[in-house]
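The values are calculated or read from the model by the stated rules, or taken from the named source; none is laboratory data. On a predicted model such as this, the values are computed, not experimentally measured, just so you know. When we count neighbours, we look across all protein chains shown, and the Cβ atoms used for this are built from the backbone with ideal geometry, even at glycine. Heavy atoms of the whole protein, side chains included, go into the accessibility calculation; ligands, DNA and RNA do not. Shrake-Rupley method; radii C 1.70, N 1.55, O 1.52, S 1.80 Å.
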Amino acid sequence: GAFAFNGKESAQSLAVAEQTVNRSGGIDGRPVKFVIHDDQTDARVAVQIANDLLSQNVQVMLGPSPVAACSAVAPILATRAVMFCTSGAYHPPADSYFYAAGIPTTGNMIFASRFLRRHGFTRIASINSNDALGQDIDRALAAALALAENKSVTLVSAEHFNPTDINIDAPMARVKAAGAQAIITGDSGTLLGLIFHAYTDLGVTIGTVM
(Lines give C-alpha, C1' and ligand atoms only; values in the text may rest on other atoms or scores of the structure.)
Protein backbone atom coordinates (compact mmCIF):
# COMPACT_ATOMS: atom_id res chain seq x y z
CA GLY A 1 0.00 0.00 0.00
CA ALA A 2 0.92 3.68 0.20
CA PHE A 3 2.99 3.12 3.36
CA ALA A 4 4.98 0.19 1.97
CA PHE A 5 8.18 2.25 2.10
CA ASN A 6 7.62 2.84 5.82
CA GLY A 7 6.82 -0.79 6.54
CA LYS A 8 9.93 -2.02 4.71
CA GLU A 9 12.14 0.39 6.62
CA SER A 10 10.56 -0.60 9.94
CA ALA A 11 11.01 -4.31 9.21
CA GLN A 12 14.66 -3.77 8.36
CA SER A 13 15.21 -1.71 11.51
CA LEU A 14 13.58 -4.36 13.70
CA ALA A 15 15.77 -7.05 12.12
CA VAL A 16 18.87 -5.05 13.06
CA ALA A 17 17.52 -4.44 16.58
CA GLU A 18 16.74 -8.14 17.01
CA GLN A 19 20.27 -9.16 16.03
CA THR A 20 21.87 -6.50 18.22
CA VAL A 21 19.82 -7.32 21.32
CA ASN A 22 20.28 -11.06 20.95
CA ARG A 23 24.04 -10.74 20.46
CA SER A 24 24.20 -9.02 23.85
CA GLY A 25 22.20 -11.74 25.59
CA GLY A 26 18.62 -10.73 24.80
CA ILE A 27 16.37 -9.32 27.50
CA ASP A 28 17.04 -10.90 30.89
CA GLY A 29 18.70 -13.76 29.04
CA ARG A 30 15.73 -14.39 26.75
CA PRO A 31 16.13 -13.92 22.97
CA VAL A 32 13.97 -11.41 21.15
CA LYS A 33 11.97 -12.29 18.04
CA PHE A 34 9.98 -9.75 16.03
CA VAL A 35 7.17 -11.24 13.92
CA ILE A 36 6.26 -9.00 10.99
CA HIS A 37 2.71 -8.72 9.60
CA ASP A 38 1.75 -6.69 6.51
CA ASP A 39 -1.47 -4.66 6.87
CA GLN A 40 -1.16 -3.43 3.25
CA THR A 41 -1.91 0.13 4.44
CA ASP A 42 -5.50 -1.00 4.93
CA ALA A 43 -7.24 -0.41 8.27
CA ARG A 44 -9.51 -3.41 7.69
CA VAL A 45 -6.53 -5.72 7.25
CA ALA A 46 -4.91 -4.19 10.34
CA VAL A 47 -8.03 -5.03 12.35
CA GLN A 48 -7.96 -8.62 11.11
CA ILE A 49 -4.31 -8.93 12.09
CA ALA A 50 -4.95 -7.41 15.52
CA ASN A 51 -7.78 -9.84 16.22
CA ASP A 52 -5.58 -12.75 15.20
CA LEU A 53 -2.74 -11.55 17.44
CA LEU A 54 -5.08 -11.16 20.41
CA SER A 55 -6.26 -14.73 19.92
CA GLN A 56 -2.61 -15.73 20.34
CA ASN A 57 -2.37 -13.69 23.57
CA VAL A 58 0.13 -11.23 22.09
CA GLN A 59 0.77 -8.48 24.63
CA VAL A 60 2.58 -5.82 22.56
CA MET A 61 2.09 -4.55 19.01
CA LEU A 62 4.69 -2.29 17.37
CA GLY A 63 2.51 -0.56 14.79
CA PRO A 64 0.46 -0.05 12.71
CA SER A 65 1.96 2.89 10.83
CA PRO A 66 -1.02 4.72 9.22
CA VAL A 67 -3.07 6.74 11.70
CA ALA A 68 -6.30 5.30 10.27
CA ALA A 69 -5.12 1.78 11.09
CA CYS A 70 -4.03 2.78 14.59
CA SER A 71 -7.42 4.37 15.27
CA ALA A 72 -9.22 1.26 13.98
CA VAL A 73 -7.11 -1.18 16.00
CA ALA A 74 -7.15 0.71 19.31
CA PRO A 75 -10.76 -0.12 20.34
CA ILE A 76 -10.07 -3.82 19.74
CA LEU A 77 -6.99 -3.85 21.91
CA ALA A 78 -8.53 -1.78 24.73
CA THR A 79 -6.66 -2.92 27.85
CA ARG A 80 -5.66 -6.28 26.41
CA ALA A 81 -2.43 -5.26 24.70
CA VAL A 82 -0.02 -2.37 24.30
CA MET A 83 0.02 -0.60 20.92
CA PHE A 84 2.92 1.56 19.77
CA CYS A 85 1.57 3.43 16.74
CA THR A 86 4.38 4.71 14.54
CA SER A 87 2.43 7.76 13.34
CA GLY A 88 2.72 11.15 15.03
CA ALA A 89 -0.80 11.86 13.77
CA TYR A 90 -2.23 9.36 16.25
CA HIS A 91 -3.08 10.91 19.61
CA PRO A 92 -3.33 8.23 22.33
CA PRO A 93 -6.05 8.68 24.96
CA ALA A 94 -4.80 9.60 28.41
CA ASP A 95 -4.01 6.68 30.71
CA SER A 96 -4.40 4.19 27.85
CA TYR A 97 -2.17 1.30 26.81
CA PHE A 98 -1.39 3.12 23.57
CA TYR A 99 1.64 5.15 22.52
CA ALA A 100 2.71 7.08 19.42
CA ALA A 101 6.11 7.71 17.88
CA GLY A 102 7.58 11.03 16.89
CA ILE A 103 6.43 14.60 17.34
CA PRO A 104 2.63 15.17 17.36
CA THR A 105 1.36 16.84 14.21
CA THR A 106 0.40 20.07 16.01
CA GLY A 107 4.01 20.51 17.11
CA ASN A 108 5.20 19.84 13.57
CA MET A 109 2.82 22.41 12.09
CA ILE A 110 3.78 25.05 14.67
CA PHE A 111 7.43 24.52 13.77
CA ALA A 112 6.72 24.58 10.02
CA SER A 113 4.65 27.78 10.11
CA ARG A 114 7.18 29.48 12.42
CA PHE A 115 10.07 28.50 10.15
CA LEU A 116 8.32 29.89 7.08
CA ARG A 117 7.26 33.11 8.80
CA ARG A 118 10.75 33.82 10.09
CA HIS A 119 12.08 33.44 6.56
CA GLY A 120 9.57 35.92 5.18
CA PHE A 121 7.06 33.46 3.71
CA THR A 122 3.62 34.61 4.83
CA ARG A 123 1.46 33.35 1.97
CA ILE A 124 1.39 29.59 2.32
CA ALA A 125 -0.62 26.72 0.88
CA SER A 126 -1.22 23.18 2.03
CA ILE A 127 -1.60 20.02 -0.02
CA ASN A 128 -2.60 16.84 1.79
CA SER A 129 -4.27 13.53 1.08
CA ASN A 130 -7.92 13.43 2.14
CA ASP A 131 -7.44 10.45 4.47
CA ALA A 132 -7.14 10.41 8.27
CA LEU A 133 -3.56 11.71 8.14
CA GLY A 134 -4.49 14.62 5.90
CA GLN A 135 -7.42 15.54 8.11
CA ASP A 136 -5.19 15.55 11.17
CA ILE A 137 -2.65 17.76 9.37
CA ASP A 138 -5.44 20.18 8.45
CA ARG A 139 -6.53 20.46 12.09
CA ALA A 140 -2.95 20.86 13.29
CA LEU A 141 -2.17 23.55 10.72
CA ALA A 142 -5.34 25.45 11.60
CA ALA A 143 -4.32 25.38 15.28
CA ALA A 144 -0.82 26.60 14.41
CA LEU A 145 -2.06 29.47 12.25
CA ALA A 146 -4.50 30.53 14.98
CA LEU A 147 -1.57 31.39 17.25
CA ALA A 148 -0.95 35.12 17.78
CA GLU A 149 2.60 34.76 16.48
CA ASN A 150 1.21 33.75 13.07
CA LYS A 151 -1.22 36.62 12.61
CA SER A 152 0.76 37.77 9.56
CA VAL A 153 0.54 34.36 7.89
CA THR A 154 -2.26 33.60 5.42
CA LEU A 155 -3.31 30.18 4.15
CA VAL A 156 -4.06 31.12 0.55
CA SER A 157 -4.99 27.63 -0.63
CA ALA A 158 -5.82 24.34 1.12
CA GLU A 159 -5.84 21.50 -1.39
CA HIS A 160 -6.59 17.80 -1.05
CA PHE A 161 -6.28 14.67 -3.15
CA ASN A 162 -7.26 11.03 -2.93
CA PRO A 163 -4.47 8.62 -1.94
CA THR A 164 -5.39 6.51 -4.98
CA ASP A 165 -4.93 9.42 -7.43
CA ILE A 166 -2.18 9.07 -9.99
CA ASN A 167 -2.02 12.76 -10.89
CA ILE A 168 -2.61 15.86 -8.74
CA ASP A 169 -1.83 18.58 -11.26
CA ALA A 170 -5.23 20.24 -10.69
CA PRO A 171 -4.78 21.02 -6.96
CA MET A 172 -1.18 22.05 -7.63
CA ALA A 173 -2.40 24.43 -10.33
CA ARG A 174 -4.73 26.06 -7.78
CA VAL A 175 -1.82 26.51 -5.38
CA LYS A 176 0.23 28.12 -8.12
CA ALA A 177 -2.65 30.43 -9.11
CA ALA A 178 -3.14 31.51 -5.48
CA GLY A 179 0.35 32.97 -5.38
CA ALA A 180 1.60 30.84 -2.50
CA GLN A 181 5.19 31.39 -1.43
CA ALA A 182 5.58 27.94 0.12
CA ILE A 183 3.71 24.67 0.61
CA ILE A 184 3.16 22.65 3.77
CA THR A 185 2.30 18.95 3.58
CA GLY A 186 2.19 16.05 5.99
CA ASP A 187 2.38 13.38 3.30
CA SER A 188 5.37 11.18 2.62
CA GLY A 189 6.50 8.29 0.46
CA THR A 190 4.33 7.59 -2.58
CA LEU A 191 1.96 10.46 -1.79
CA LEU A 192 4.81 12.93 -1.49
CA GLY A 193 6.02 11.63 -4.83
CA LEU A 194 2.70 12.69 -6.37
CA ILE A 195 3.21 16.21 -5.05
CA PHE A 196 6.72 16.47 -6.45
CA HIS A 197 5.57 15.03 -9.77
CA ALA A 198 3.00 17.84 -9.98
CA TYR A 199 5.81 20.31 -9.21
CA THR A 200 7.63 19.12 -12.31
CA ASP A 201 4.52 19.06 -14.50
CA LEU A 202 3.58 22.66 -13.67
CA GLY A 203 7.03 24.17 -13.23
CA VAL A 204 6.41 25.06 -9.58
CA THR A 205 9.54 26.40 -7.89
CA ILE A 206 8.41 27.34 -4.37
CA GLY A 207 9.66 25.40 -1.36
CA THR A 208 7.89 22.63 0.53
CA VAL A 209 7.97 21.98 4.26
CA MET A 210 7.12 18.43 5.33
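The one condition from (1) in a loop (DSSP other than H, G, I, E, B); (2) more than 26 Å from residue 55 (Cα to Cα); (3) not β-branched (Val, Ile, Thr) that residue 96 does not meet is (2). Screening residue 112 on (1) open to solvent by less than 50 Å² (accessible area, probe 1.4 Å); (2) within 27 Å of residue 205 (Cβ to Cβ); (3) free of Cβ contacts under 8 Å to residues at least 24 places away in the same chain shows it passes everything except condition (3). Within the range 21-50, the set of residues being acidic (Asp, Glu) and under 16 Å from residue 85 (Cβ atoms) comprises 39, 42. Taken over the range 142-193, residues that are closer than 19 Å to residue 105 by Cα, open to solvent by less than 40 Å² (accessible area, probe 1.4 Å) and assigned to a helix (DSSP H, G or I) amount to 6.
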